[in-house]
1. Of the conditions (1) closer than 28 Å to Asp26 by Cα; (2) out of contact with any helix residue (DSSP H, G or I) (no Cβ under 6 Å at 6 or more places or on another chain), Arg430 satisfies every one except a single condition; which number is it?
2. What are the residue pairs meeting all of these: first residue in segment 639-662, first residue small (Gly, Ala, Ser), second residue not in a helix (DSSP H, G or I), Cβ atoms under 7 Å, and 6 or more apart or on different chains?
3. Anything in segment 676-706 that is over 19 Å from Leu652 (Cβ atoms) and under 49 Å from the mean Cα position of the chain (by Cα)? List them, or say none.
4. For Arg535, all conditions in the list (1) surrounded by fewer than 18 Cβ atoms within 10 Å (Cβ to Cβ); (2) at pLDDT 95 or above hold save one; what is the number of the exception?
5. Which residues, taken from segment 690-713, are surrounded by fewer than 18 Cβ atoms within 10 Å (Cβ to Cβ) and not small (Gly, Ala, Ser)?
6. Over 27 Å from the mean Cα position of the chain (by Cα) and among the basic types (Lys, Arg): does that describe Arg559?
7. Just to be sure, is Pro451 surrounded by fewer than 22 Cβ atoms within 10 Å (Cβ to Cβ) and part of a loop (DSSP other than H, G, I, E, B)?
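The values are calculated or read from the model by the stated rules, or taken from the named source; none is laboratory data. These figures come from a predicted structure and were not determined experimentally. Cβ placement follows ideal geometry from the backbone for every residue including glycine, while neighbour counts extend to all protein chains displayed.
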Amino acid sequence: MRVASALSWIAVGALFLVACLQRIWDFDFWWLLETGRRVAQEGIPRTEALSVAAEGNAVVELRWLFCLALYGVVSAFGYVGATLIKTAWLAGAFALAGKASASGSSRAFFAPSVLMLAIVASNARLILRPEIVTYLLLALFLFVIVRIREGRLRARAAWALPALVVLWVNAHTLFVLGPLVVTAWAVTETLFAKQERNSARLAWIVAVAAWAACFVNPYGAQSLVFAWQIFGEARESVFKDVIAELQSPLKFGFGYSAVIGLAGLTAFAAGIGLSALRRLDPFLTIVTAAMLVLAWSAVRNIPLFALAAIPFCLRHAPVVDRAALRVALSGSTIILCAFVAWAMSTDRLHLWQNESNQFGAGLAEHRFPLDSLDALQARRLPSPVLNAMEFGGLLMRARQPYYVDPRLEVYGEATYREYFSLSHDDEALRAVIEKYGFRTAFLSLNSPLVPRLLALEGWRIAWFDEAGCVLTTADVPSDAVERALEAMLNRLGEPVRYERAGAFQRVSSPQPYQRVAEFLLTLGRNDEALVLAQRALRAYPHGVGVRTTLGNALYAVGRDEEAQEQFALAVRADPEDAAAWESLGALQATAGEWEDARASLRRATALSPESANAWRWLAHAAAQTGDLIAASDALQRVVTLAPRDATAWWDLARVEASRGLRAQAVEALRRANALAPAHRGIAADLVALLVALGEAEAAKEVVRRFEAAADTRDDDLRTAAGM
């Protein structure tokens, strides 16, 4: 038994080490690091200076102490040192949680299993962010309170808690958990304490002191307002729909290790709680239940439940003396820890979960567009910079004036709604460019803004790497794209072939190859795109969207049959891949396979109802099969999603006219003509329909408007209008 127990602890320790040794992958790291520099060199920030969309806005940066510490650690020990120190910090948090409650030798054998589930559940959030302060302090609060309640720590230790709140409120926005946990202690002491009432009195005094400590920060009472604002961000803001960490674990499904671990830990804790129903500790039960609700509401809260569940499970675990059960539990823990640690350390787990992070320390490879940022600065391109939101921290770090970054509390909902509208609204894009005077853009390779900017006069590619690109209206060398492509290919090299990789060989992510392939397709460099798409397939043929990208590249070089085969394989491997269904349907429509095309495109629009292009293809397929009602319905969706698309309105008008709905056809043609007055086809159809309806004067006005817009005289249109 001792050998099995020792091996269990070794396995859990190895799993924890591997789970924590993840490279710096989060884009927020950069603005946190730069905030630390500002605090060190300029003092605590009060107003925003670099972002043109938030210039002069008030800044309430309660994470200033964490940022300062991060800056100091990175300056002294580098990125690798910061990763190692984070690992030690997190080890302290989990150790405190494990030592909070006395479990006794008869229950201690549950500890490795509980810790394993907690680590697996938390693995996606064991990253270098301010939350690690909350993890350690929450564990410390539980350690102090539980030990005081069990008589293993003197009551006066509780006075450390308000002091810790002072540290907490200046390091992370979830500082309110400290006073809330102390308040939960006070409530349970008042309602359930069976001995002297001094314990309740002490708990309430400490709770009041803990709440008062929340005001000990550079912003005073604004701290609580800020905490509520952050809570609202997680529940109701525009961020909720686009930021993964704010979404429920249920949205990710059970293909993710963190969700599997959370479900396992939830079931384990529930089972132990039911077995100890009559002897449940009220304090641990309330705190654990509250953290459970938070965990299932947002991914970023999972470690909070994990840390609370550890002492809860160890406190209430049943006494089991059967050696066979102990051996079975230890054996399963060892096997699972070994498997997960192997998958993490060889980067296979990241591939299976469609992530691109890597095991190790320091910066993640091929994640950050540092080469593009260097090019932007070296060429002294015009400022400010229109940027992808996630790149705001990099530009802040470079002290380059920019558009926006992920700090919702600095910008407000209106700015973010403006930002997100740029991806689909050309007028909004032009307005923002004019408003801020943007002549340079720093975007992700797959940003929908890239083709939109390239379609505008004067915009061109200045540089790109495997993570981002720089566009500008300024002069750039004629060979900029070729030089960037050569440099990028040298960095990427050939991937490790997933299907030939050794058991302990680290595998390659397909995502950098995939991103570059899709970007090159946007630039019309189809042959190079095909090469990169094939490399992505070799890296991991089961990756999300890999076969879709390869299919798009094959289609672009004219290999339609092979492209259709790749799209079919893509939807077979992942029936939820909307892009693959859309591309498959489009190819089937091109080949005249109308019924198959309709089936594929119905699936595409069901999975991605915001895709105007999928609805357009579906309308085309429906019209070809004679289903004009379905075609009309699909085109109504297109013009709703893209109300400034003149061609979509024109298509809708022709379908409505074919149905005999002349009034609806005229209305659609008027919309199309207003958007594109110089489009002769639209003008001709509108003139013909107006004449047929006896609206001769309206038809003549259409002709005059067309001639003015096209700067030409059109005798055929004049004749049709009776002029």
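1. Unmet for Arg430, out of (1) closer than 28 Å to Asp26 by Cα; (2) out of contact with any helix residue (DSSP H, G or I) (no Cβ under 6 Å at 6 or more places or on another chain): (1).
2. Close Cβ pairs (under 7 Å, with a partner that is not in a helix (DSSP H, G or I)) amount to Ala646/Ala676; Ala646/His679; Ala648/Ala642.
3. Ala678, Arg705, Phe706
4. Only one criterion in (1) surrounded by fewer than 18 Cβ atoms within 10 Å (Cβ to Cβ); (2) at pLDDT 95 or above is unmet by Arg535, namely (1).
5. Val691, Leu693, Glu695, Glu697, Glu701, Arg704, Arg705, Glu707, Asp711, Thr712, Arg713
6. So Arg559 fits the description; yes.
7. On the way: surrounded by fewer than 22 Cβ atoms within 10 Å (Cβ to Cβ): yes; part of a loop (DSSP other than H, G, I, E, B): no.
No, not satisfied.
Rundown of residues vs (1) in a helix (DSSP H, G or I); (2) closer than 25 Å to Arg367 by Cβ; (3) of a type outside the set (Phe, Trp, Tyr); (4) without any contact (Cβ under 8 Å) to a residue 24 or more places away in the chain, yes/no style:
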position	(1), (2), (3), (4)
Asp26	no, yes, yes, no
Phe29	yes, yes, no, no
Glu34	yes, yes, yes, no
Val39	yes, no, yes, no
